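Report on the structure given below.
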């Protein structure tokens, strides 16, 4: 019986190898021109991922945004501001893809404030294609002209090879909300490679043989 338990534990360990802990952060900091909002990816891999350019939705909203380099709060970095209402469901879209294996999204973060006019609430909602953008992974609102950070744990985005995200943005009074430092924290997902599956299968066969031996 002791041998059976050891074989079973070995199989579990083999499956868990691909879930080793590591953090990778995908960040959009808007420190470039309008045309190329690429992500900065930092951290220890795995997971090994890439991320597409942050792109606005098609239609009139495609021109109703800008990258501001004259921050009235004194912050030296650039940021994104939009001239639209959340009621119109305006969004920016990007896709995170695993170059190998899989990934989990464990947390998200963003900074938000009003660009100039702040008599209405600036708003945002981060969603994904996993439920056809129906529910918020992270959301918030404020009517301040100073930056407020919103961050929180994310659940339900696990063992993914590719996921598309949308950042819905706007203001309750069609003003000019501003955003900066959109980030996702990723850890490795679990997709056993063929060699690992073979190890688990071999362990299962050995387990059955040992059971027959001890029950015969």
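What tally of residues in the stretch 28-40 results from selecting those that are within 19 Å of the chain's Cα centre (by Cα), more than 16 Å from residue 93 (Cβ to Cβ) and either modelled with pLDDT of 90 or more or assigned to a loop (DSSP other than H, G, I, E, B) (or both)?
1
Take the conditions under 30 Å from residue 65 (Cα atoms), modelled with pLDDT of 95 or more, touching a helix residue (DSSP H, G or I) at 6+ places or on another chain (Cβ under 9 Å) and crowded, with 19+ Cβ neighbours inside 10 Å and apply them to residue 169. Does it pass?
no
Being modelled with pLDDT of 95 or more and on the phi < 0 side of the Ramachandran plot is the filter here, so list the residues in the stretch 153-165 that pass it.
Result: 153, 154, 157, 158, 160, 161, 162, 163, 164, 165.
Going by the conditions given, is residue 181 over 12 Å from the mean Cα position of the chain (by Cα), exposed (fewer than 15 other Cβ atoms within 10 Å of the Cβ) and assigned to a strand (DSSP E or B)?
Taking the combined requirement at face value, the residue does not satisfy it.
Conditions first: (1) over 16 Å from residue 162 (Cβ atoms); (2) at pLDDT 80 or above; (3) part of a helix (DSSP H, G or I). Residue 130 passes all but one, so which condition is the exception?
Exception for residue 130: condition (1).
The values are calculated or read from the model by the stated rules, or taken from the named source; none is laboratory data. If you're wondering where the values come from, they're calculated on a predicted model, not measured in any experiment. Quick reminder, even Gly has a Cβ in these numbers, built from the backbone with ideal geometry, and neighbours come from all protein chains shown.
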